[in-house]
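See structure below.
The values are calculated or read from the model by the stated rules, or taken from the named source; none is laboratory data. Source: prediction; values computed, not measured. In this analysis, Cβ positions are derived from the backbone assuming ideal geometry, glycine residues included, and neighbour counts consider all displayed protein chains.
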C-alpha cells in the first residue's frame, strides 16, 4: 500500500496558543542532538518570540525544497536525533525530507500561514531551479506541531491570504474527486475528512475578513485562531483522513503548471491555488460557484483573473502552457475531471476571464 493511501490524521502532539514557543524546551528534553533547519528571516522570527535563547545548531536551507538540498542538509546533520523545521512551506518541507533521509523525528514550527505543510507528512519537492518536481510522502508524521499565535500574528499578511486560498481548495478539490464515487464506497474516515473540509470552507468564508482585521490590529482573536488553525491544522487533517480522496486535484494542477510561467514565480503557492479553484470549478461544470466566490475573492485580495496574477501579456501563450501542463497524464486535474483534455482546461481558463470581466453570465 502506498503511503498516500494510508490514513495520517495528525501529528504526535499539537499545541496552538499565544506564546506557545515557551513549551519547546520541555518538548526537546527527550532528545540529545536537535538541529534546526530554517531560513534567515524565519530564524529571526523564532528568536524574537522565544522566551530564552536556544543552544541548537542551525542549518540554512537554500530555498528550493529540492532533493539535492535535503541530501546536503542530511550530510551536515548526521548526528541529529530530531530535526526542527522553522519557517514557511518550503523550509518545513525541506526539514521533513531531511528527517526522512536521516530516519529521525521532526518538529515543525510555522512562521507564516501559507500552507498546511507544518501538519502534513509529505513535501512538495522542486528542482533546484524552483520548477515543481513531485510530492514525496514520508513514513513519519510530526513528533510535534507547534503554532505560536503571537508569532503568526506578526507574520506577513500576504502569506496568510495565500494560506486561506490554499485551504479553500481542500473542499473544492476533495468534493470534485469524491463526486465520482458512490458515498457508500467511501470509508467513515474519508467522510469525516470531507465534513472537516466543508466546515473549513464555511469558516474561511465567514471569518476571513475578521481574521485579517485581527492581523492588522495585531490582536489574537477567536476568528484569527479559527482561520489560522483551519489553514495549518484542519487542512492537513483533511488530507490525512481522506488520503488520495482529499489530496490535490484541479486547483493544484493549475498551480503546478504556473511554475512554468516565469512571470508567476513570485506569486505565492496558495494564491496560485486559489485561482486554480476557479478554473477547476468551470471545468467541472460549476461555473455558478465561481460567480458566488468572486465577491469574496475581490474583497479579500484573492486572484480571480490573469491580470490579478500579474499575467498582463501573452495571454494566449499562458493559456496554452497552463492547459497543456495541467492536462498531462501524470498531473492531478484528471482527478477532478477524469480524462480531461487540454482544450477543456483552456476553455475553463477563458471562461474564468470572461466571468471576472462580466462578459458572461455563469447562470
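A few points about this structure:
- Every pair of residues 6+ apart whose Cβ atoms lie under 6 Å, when the first sits in the stretch 267-283 and is surrounded by 24 or more Cβ atoms within 10 Å (Cβ to Cβ) while the second is at pLDDT 95 or above and not in a helix (DSSP H, G or I): 283/337
- Residue 231 without any contact (Cβ under 8 Å) to a residue 60 or more places away in the chain, closer than 14 Å to residue 166 by Cβ and in contact with a helix residue (DSSP H, G or I) (Cβ under 7 Å, 6 or more places away or on another chain): no
- Test for residue 279: is it closer than 17 Å to residue 167 by Cα, not in a helix (DSSP H, G or I) and not assigned by TED's automatic domain parsing to the domain that holds residue 64: no
- Some residue of the stretch 45-64 being under 30 Å from residue 242 (Cα atoms), touching a helix residue (DSSP H, G or I) at 6+ places or on another chain (Cβ under 9 Å), outside any strand (DSSP E or B) and touching a residue at least 24 places away in the same chain (Cβ under 8 Å): yes
- Helices (runs of 4 or more DSSP H) completely within the stretch 295-363 that count 2 or more residues being surrounded by fewer than 17 Cβ atoms within 10 Å (Cβ to Cβ) and more than 25 Å from the chain's Cα centre (by Cα): 315-326, 342-356
- Any hit, the stretch 123-131, residues being crowded, with 24+ Cβ neighbours inside 10 Å, farther than 26 Å from residue 332 by Cα and in contact with a strand residue (DSSP E or B) (Cβ under 8 Å, 6 or more places away or on another chain): no
- Within the stretch 44-65, not a single residue is crowded, with 18+ Cβ neighbours inside 10 Å, on the phi < 0 side of the Ramachandran plot and out of contact with any strand residue (DSSP E or B) (no Cβ under 9 Å at 6 or more places or on another chain).
- The combined condition, being at pLDDT below 95 and outside the structural domain of residue 326 (by TED's automatic domain parsing), is fulfilled by residue 239.
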